[in-house]
Amino acid sequence: MDNYLKQIILHLTIRVGILVLLLSLVYLFWYFTYDPHKYCDETGHKHVDGGLGLFIIGFLITQAFYAGMLIEMIYLFIKKQRNLAFANLGFLIISLCIALVFMFLMN
């Protein structure tokens, strides 16, 4: 039983680490390359909304990650590794519930 728990924790840690790595790379790319005054000239400010682009790219990365976890969950069910498949399912349900709570609290 202890081996299953270690395997599940390692499995979820790797998946969460991949998501954090992807989102942090996008944030760092945005942080070092975004210039809000790029289109400003002498006549006035013409700011662009870089935060919206960061949100959209982060949203797309998160959705692709969730789709990949769903495909992996189906694959694990077919391979008869139900413990890891249910761990993926639990992670998906909990993370989507947390996202829903934040979405309604920020509104």
TODO: Please get the size of the charge dipole for the chain, origin at its Cα centre, with Cβ charges of +1 on Lys and Arg and -1 on Asp and Glu, quoted in debye to the nearest 20.
DONE: 620 debye
TODO: Return the label of the correct value of P(r) over Cα pairs in 10 Å bins from 0, in percent, as calculated from the structure shown, out of (i) 12, 33, 27, 16, 8, 4, 1; (ii) 14, 32, 20, 11, 10, 8, 4, 1; (iii) 15, 43, 34, 9, 0.
DONE: (i)
TODO: For the chain, report the accessible area per residue in Å² (1.4 Å probe, heavy atoms, rounded to an integer).
DONE: 78 Å²
Task: Where chymotrypsin sites (Phe, Trp or Tyr not before Pro) fall in DSSP loop in region 1-90, at most 12 other Cβ within 10 Å - done: Y39
Open item on the list: Explain nothing, just compute: Karplus ³J(HN,Hα) = 6.51 cos²θ - 1.76 cosθ + 1.60, θ = phi - 60°, for every residue of region 88-101 in order, whole Hz, x for Gly and Pro.
Closed with: 4, 4, x, 4, 4, 5, 5, 5, 5, 5, 5, 5, 5, 4
Open item on the list: Which residue, Q81, L52, I93, has the largest displacement toward the positive end of the dipole of the chain when charges sit on each Cβ (Lys, Arg +1; Asp, Glu -1)?
Closed with: Q81
Open item on the list: Whole percent per 5 Å bin, from 0 to the bin with the longest distance: what is P(r) over all C-alpha pairs of region 1-46?
Closed with: 5, 18, 11, 11, 11, 9, 8, 7, 6, 5, 4, 3, 2, 1
- [ ] Grab the DSSP H runs of the chain that are 4 residues or longer, score each as -39,500 (n - 2.57), total them, divide by all residues and round the 222 nm result to the nearest 500 deg cm²/dmol.
- [x] -29000 deg cm²/dmol
TODO: Specify the longest stretch of the chain that does not include any exposed loop site, a site being one of the trypsin sites (Lys or Arg not before Pro) with a non-H, G, I, E, B DSSP assignment and at most 13 other Cβ atoms within 10 Å.
DONE: 1-37
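The values are calculated or read from the model by the stated rules, or taken from the named source; none is laboratory data. This is a predicted model, so every value here is computed, not measured. Note that each Cβ is placed from the backbone with ideal geometry, even for glycine, and that neighbours are counted across all protein chains shown. Surface accessibility is based on the protein's heavy atoms, side chains included, excluding ligands, DNA and RNA. Shrake-Rupley method; radii C 1.70, N 1.55, O 1.52, S 1.80 Å.
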